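Just below is one structure, and these are the notes that go with it.
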Amino acid sequence: MVKTSDVIVNQAVEKAMEGFLEEQGKTNILVVGATGSGKSTLVNHVFGVDFAATGVGTPVTQATTKYEVEDFPITLFDTKGYEVATEEHERFIAEMEGYMKDATKHIEQQIHMVWYCIPASGHRITPMDIAMLKKFRATNKPVCVVFTKGDIASVETVDALMKVVADEGFASFVVSQKMPLQLPKLMEWTYNHLDTAVRFSFLRAQQVNVELKRSEINKAIRQHATVSFGVGFTPIPFADGPILLANQGVMINRVLKGYGLDGLFGNFENLIGTLGIGEIVSQLGRYLVAQVLKFIPGVGTIAGGMINGSVATSITIALGLTVSEISYRVALAKLQDENLDVESYMKNNIPIDEIKGLFEKFVKEELKK
């Protein structure tokens, strides 16, 4: 028989998850640059996907191919090379202007970000590059310059190139295949200049700035828990506290998804020998309720024996931050070793007692606020 408290909590949790880290569409990125400018190396490294090899390439125009990978939140528009002062060059410019003027299309069909790639090893920025950049900016497209092959250009050369585009008012970042250089900064700039509707798609797809993932995911956890549980949450008994946590599967899934670790469900299950994610949360919930009774004065009273909005908020935030911290550590480890055995890593580096300790630490911190 379903208890009233179960229904109440289910409804509250469902409301809390409305809009939480929810994808509203793919992020469409136009990567502009001549043949050999390092575009493919850049995007493959950033997203950990070889678009040309694993995706479906559809010619959009004579100058551009659209790449999509199944169940991946990025759509890549890759430009072909061109020769200056040729008929092909003129056609290229005309087609780029078509992308600049797509504001009348639905947001899912628009270009959301432009990475203009120039090899630093080429030692030059052409007048056409500057003119093209200005045209994108004039139509309010977020556009930045990515100087590729930075590891084979001198520091003086890179500084001089970056100064040229800075003087024109454009952001620029230097990257390379062998060294991270400014890739994390490029990720942060891109995220901050994307439309809010497609930000999360980019956040979870990019693989090089794990700090950005943690910062934004933790911010979202706090915002949604505070708004949803802070006002109007019908109190439930402390004894039913695990119900609140066991129904947070959506939050856990979306946090894991934000780190690109959706498959971690199975690893959590195997880690403690349970049958599902709800069970691990419920186990932690029972542990938490035993602990939280120590933190809140007056628990013996009717009011004190109930979980109200502020307590529900603290519990939810603590759970979200715990999953986020675990995911952050795993994502960092995967950044160092793309073939990482996640299950073994968790067993050896994040034991269940440490997970409980993190949970308790976050709850204490939240209840003090």
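Taking segment 42-58 as the range and being in a helix (DSSP H, G or I) and open to solvent by 60 Å² or more (accessible area, probe 1.4 Å) as the test, the residues that pass are His45, Ala52, Ala53, Thr54. Filtering segment 33-55 to residues that are among the β-branched types (Val, Ile, Thr) and within 23 Å of the chain's Cα centre (by Cα) leaves Thr41, Val43, Val46, Val49, Thr54. Looking at Ile125, is it in a loop (DSSP other than H, G, I, E, B) and β-branched (Val, Ile, Thr)? Taking the combined requirement at face value, the residue satisfies it.
Based on what the data block shows, is Val164 more than 20 Å from the chain's Cα centre (by Cα) and open to solvent by less than 30 Å² (accessible area, probe 1.4 Å)?
The answer is no for Val164.
Do we have any residue at all in segment 17-30 that's in contact with a strand residue (DSSP E or B) (Cβ under 9 Å, 6 or more places away or on another chain), charged (D, E, K, R) and open to solvent by less than 60 Å² (accessible area, probe 1.4 Å)? No: segment 17-30 contains no residue that is in contact with a strand residue (DSSP E or B) (Cβ under 9 Å, 6 or more places away or on another chain), charged (D, E, K, R) and open to solvent by less than 60 Å² (accessible area, probe 1.4 Å).
Where helices (runs of 4 or more DSSP H) sit wholly within segment 299-369, those with at least 2 residues that are open to solvent by less than 20 Å² (accessible area, probe 1.4 Å) and modelled with pLDDT of 80 or more occupy 309-336, 352-367. Restricting segment 188-225 to residues that are surrounded by fewer than 18 Cβ atoms within 10 Å (Cβ to Cβ) and hydroxyl-bearing (Ser, Thr, Tyr), the residue that is nearest to Val174 (Cα to Cα) is Ser215.
Name the helices (runs of 4 or more DSSP H) wholly within segment 201-294 that hold at least 1 residues that are acidic (Asp, Glu), modelled with pLDDT of 85 or more and within 23 Å of Ala331 (Cα to Cα)?
On the way: elements: 210-229, 241-246, 249-258, 264-272.
Qualifying helices (runs of 4 or more DSSP H): 210-229.
Looking at (1) buried (at least 22 other Cβ atoms within 10 Å of the Cβ); (2) over 19 Å from Ile29 (Cβ atoms); (3) out of contact with any helix residue (DSSP H, G or I) (no Cβ under 7 Å at 6 or more places or on another chain), which is the only condition His112 fails? His112 satisfies every listed condition except (2).
The values are calculated or read from the model by the stated rules, or taken from the named source; none is laboratory data. Since we're looking at a predicted model, the values are computed, not measured. All Cβ positions, even for glycine, are placed from backbone atoms using ideal geometry, and neighbour counts span all protein chains on display. With ligands, DNA and RNA removed, areas are computed over all heavy atoms of the protein, side chains included. Shrake-Rupley method; radii C 1.70, N 1.55, O 1.52, S 1.80 Å.
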